[in-house]
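Data first, discussion second: the structure below is written as structure tokens.
Derivation of every value follows stated rules applied to the coordinates shown; laboratory data play no part. Keep in mind the model is a prediction, meaning the values are calculated, not measured. Cβ atoms come from the backbone with ideal geometry, glycine included; neighbour counts cover every protein chain shown.
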2 protein chains.
Amino acid sequence: MSAPSTPLRLGIAGLGTVGIGVVKIIQAHADLLAARAGRPVQITAICARDRQRNRDADLSGYDWVDRATDLATREDVDVVVELIGGDEGIAKDTMELALDNGKDVVTANKALLAIHGQALAERAEAAGRVIRFEAAVAGGIPVIKTMTESLAGNRIRRVMGVMNGTCNYILTRMQSAGLPYETVFEEARQLGYLEADPTLDVGGIDASHKLAILSSIAFGTRVAFDGVEIEGIERVSIDDINRAADMGYRIKLLGVAQMTARGLEQRMSPCLVPADSPLGQLEGGTNMVVIEGDAVGQIVLRGAGAGEGPTASAVLSDIIEIARGVRMPVFGQPAAGLASPQPARTAVPAAYYLRLTLADKPGALAKVATVLGDGGISIDRMRQYGHESGEAPVLIVTHKTTPEAIEHAMEVLPRTGVITGEPVELRIEEV
Amino acid sequence: MSAPSTPLRLGIAGLGTVGIGVVKIIQAHADLLAARAGRPVQITAICARDRQRNRDADLSGYDWVDRATDLATREDVDVVVELIGGDEGIAKDTMELALDNGKDVVTANKALLAIHGQALAERAEAAGRVIRFEAAVAGGIPVIKTMTESLAGNRIRRVMGVMNGTCNYILTRMQSAGLPYETVFEEARQLGYLEADPTLDVGGIDASHKLAILSSIAFGTRVAFDGVEIEGIERVSIDDINRAADMGYRIKLLGVAQMTARGLEQRMSPCLVPADSPLGQLEGGTNMVVIEGDAVGQIVLRGAGAGEGPTASAVLSDIIEIARGVRMPVFGQPAAGLASPQPARTAVPAAYYLRLTLADKPGALAKVATVLGDGGISIDRMRQYGHESGEAPVLIVTHKTTPEAIEHAMEVLPRTGVITGEPVELRIEEV
């Protein structure tokens, strides 16, 4: 309202896809941003590893500095925009130095926040500075703001989401083209969709960083990446994708966080979701976050989870908030007040999808059914497929049961002597 | 961050469903709200038409006042929460008086903002006060905040949405039960889903109030409810719902706002959308808003558009923002800077759905095709159904054409003498 008309001055560290996206928006929409922010938004200085690279943007009006940390100490920078990435090293040094020098920080760095979020939040609050990170989770989707602000009147029951576009691309492409994981993984690599270390994507780590950040805001707890049970998509077979589709499901790399009496459950794993649910219909690189609050019920947010424009859009929203004078604790509440969550292994019951291959022996199916029954697992639906080379694939959808019961059954089943190969189990998440 | 620990004191005007929902959240989540807001949130005084009514909440701790306007002048009220409704009278008087007396205002009143938004915004800004209204549009869905803050780095291209749950209930119930409009309308009335004046719902007026508010924020223009082309759902027949379904579409009461070279197009009308699109799959009372920005691409927000919890959740988010010290111009930019939009009749081309009944005459279809062809309208798909009592229903999906061309064809077609009854046209909105 009474925002100062002095410009907000930015130092941008990192001129990759997102950094250049931010520069382009600031250049293209200067008037719009000034009207909305109540003051001009200007770039003072920039920094990137390779100064010579052609970046498809006019950078001549900005001071180049050699090291990102130089941005953190400049008098003419109010906000350091950290778009370097990585959970250690130069990104962390730059952010810490910026806070210590009285700068606010805007970042897209989920790894850094997932691992050092508590220390950084305490540091920011001690310095009276803010760290904003809308771009760190689900790209252009305003999930941080929605959780921190729009749902502040709610006790959050559960947060879940598909938050790694590369994994969702691989899974939907496997299904639509009927191709095995390895082939589509290679395609994704050639398309440049994978991180330099692809385990970050397909191993579920990147998505788990995001989930840990969301959990912290949702439940008012310290960010606890270590508490996420992580399983990637590497073991998802085209067989399971096809069989799940037969039963009316899709397989998604789904993150789920919920607070239970036993503690904070955070899991990232390939799950079955109904094919006709919003999550089931999510195609390609699109992200979706589903938030359940006691007052609001279920809110679904969907949009592009990565890419130049969407991620830069999120960075700009944070910059404009700072320009407007909005000051928020990093995780929505003062960092000192955040409780250390008690991590809990998944215990919330769910239906499960099981795929077994029965040996061609009389009474094989009865034996499987007995193991499940003895373990307290009841069967909702079962399909036995025709014998292929003497072995019969069997699909089972269970009624709701505990992860413990399923785990036990998966140990016992191979010892019955009536199944061949490893049985597969996948959780069916209610959405 | 340095939020004062003095309580934020509320005066609540109106204790209907939403008002009581707000009271219940504040009572149930006092600690949570204080942690998130940085200070306690307290109710000081309340007001409702009927003091004796049983409201399923303990109101004994609050001062009752006789008139809502009394809340606006109390020393011990910081924020007046206006949940009375109506675009004139007591709601407007209360809001104006509250602003003039240095109170901030939180409201769910879309009608008031759609009609008097500009004057109220100017009044608030002159007084250095804020008006917040997340609950006015799409209930618990954080669309105001998303538009004003999260997408502030974007030039918005188009906003659209299904924003009246009652209409969406009626349309989806017609489809699922195969019932005519009149029957389902009567059901909805008996279920209490309709406003006292049902035209507000089924006539598209309530949804148009919301669209006008969104347009203002999206395009930085003065709210212009008068500029909305409004058509309700009264003329949607079960025939059209069924025929549209045959062609892969659903009929939704859809609001669309977009800025074109000719001016601001705002329309609220029954449209066809693909059955498998997010909008097409929206069932019952759920709302959905789709926002397209130049950087972010398409963002989809989905949730409950009405009801005690969702609407109260939105009211609480506004209250907590004020408690946190966040001050924002009413429509995202200073009111004085908002341009008066040039209202434009819909001219953006689209495909159209046409339903005609052909008289049983030779060459009838050829004559229809000639009229369309002469008007520059080309046919994408056509279906002629079996002759029923000598008359043949014909469905046509056109290629993209202008509303003007369609309007012209709708005038000419009855004059050909080869169709009986009124031809029906519905726009097919790309989503």
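With Rh defined as the Kirkwood radius, the inverse of the mean 1/r over Cα pairs, the Rg/Rh of region A:279-424 is 1.18. With a simple spin-label model that places each label point 7 Å from the Cα along the Cα-to-Cβ direction, the separation between B:Gln27 and B:Glu404 comes to 6.1 nm.
Relative to its Kirkwood radius, the Cα radius of gyration of region A:145-305 gives an Rg/Rh of 0.98. Between A:Val202, A:Val143, B:Val300, the Cα set farthest toward the positive side of the dipole of the protein assembly as shown (charges on each charged residue's Cβ, about the Cα centre) is that of A:Val143.
What number results when the radius of gyration of the protein assembly as shown, computed over Cα atoms, is divided by 2.2 N^0.38 Å?
Expressed relative to 2.2 N^0.38 Å, the Cα Rg reads 1.00.
A convex hull fitted to the Cα coordinates of region B:216-268 yields 104 cubic angstrom per residue.
Simple rule: put +1 on each Lys or Arg Cβ and -1 on each Asp or Glu Cβ in region A:349-429, find the dipole, and look at A:Thr420, A:Gly386, A:Leu372; the Cα lying farthest toward the positive end is A:Gly386. Each Cα pair under 8 Å and six or more residues apart adds its separation to the average, and for chain B the resulting relative contact order is 16 percent. Across A:Ala188, A:Ala323, A:Ala72, mean-square fluctuation computed from a Gaussian network of chain A (C-alpha pairs under 10 Å connected) peaks at A:Ala188.
Normalised by the residues of region A:145-305, what does the relative contact order come to in percent, with Cα pairs under 8 Å and at least six apart? Write down the numbers at each step before the final one.
Values: 306 pairs, mean separation 54.5, N = 161.
Here the relative contact order equals 34 percent.
Given in Å, the Rg to one decimal and the Dmax to the nearest whole number for the Cα atoms of chain B are 24.0, 83. When the alpha-carbon atoms of region B:1-107 are used, the pair Rg, Dmax equals 13.5, 42 angstrom.
The Cα center of region A:364-398 and the Cα center of region A:1-71 differ in position by 60 Å. What you get for the protein assembly as shown, charging only the Cβ of Lys and Arg (+1) and of Asp and Glu (-1), is a dipole of about 440 debye around the Cα centre.
Mind putting a number on the dipole of region B:8-136 about its Cα centre? Charges go on the C-beta only, +1 for Lys and Arg and -1 for Asp and Glu, and I need it in Debye to the nearest 20.
Details: 16 positive and 20 negative charges, 63 e Å.
Using Cβ point charges on Lys, Arg, Asp and Glu, region B:8-136 gives about 300 debye.
Estimated from helical segments only, the mean residue ellipticity of the protein assembly as shown at 222 nm is -10000 deg cm²/dmol, where each DSSP H run of four or more residues counts as -39500 (n - 2.57). Computed over region B:140-211, the alpha-carbon pair-distance distribution with 5 angstrom bins reads 3, 14, 22, 18, 14, 11, 8, 6, 3, 0, each value a whole percent. Taking every DSSP bridge with both residues inside chain B, close to 65 percent are antiparallel.
Only Lys, Arg, Asp and Glu carry charge here, each on its Cβ (+1 for the first two, -1 for the last two); on that basis region A:238-315 has a dipole of about 140 debye about its Cα centre.
The share of Cα pairs per 5 Å bin across region B:351-428, counted from zero up to the longest distance, runs 3, 17, 32, 27, 15, 5, 1 percent. Between copies, the label points at B:Ile379 (set 7 angstrom from Cα along Cα-to-Cβ) are spaced 5.4 nm, reported in nanometres from shortest to longest.
When chain B is modelled as a GNM with alpha-carbon springs shorter than 10 Å, which of B:Ser313, B:Ser215, B:Ser150 fluctuates the most? Residue with maximal mean-square fluctuation among B:Ser313, B:Ser215, B:Ser150: B:Ser150. Dipole of chain B computed with +1 at Lys/Arg Cβ and -1 at Asp/Glu Cβ about the Cα centre; of B:Ala188, B:Leu99, B:Phe331, farthest Cα towards the positive end is B:Phe331.
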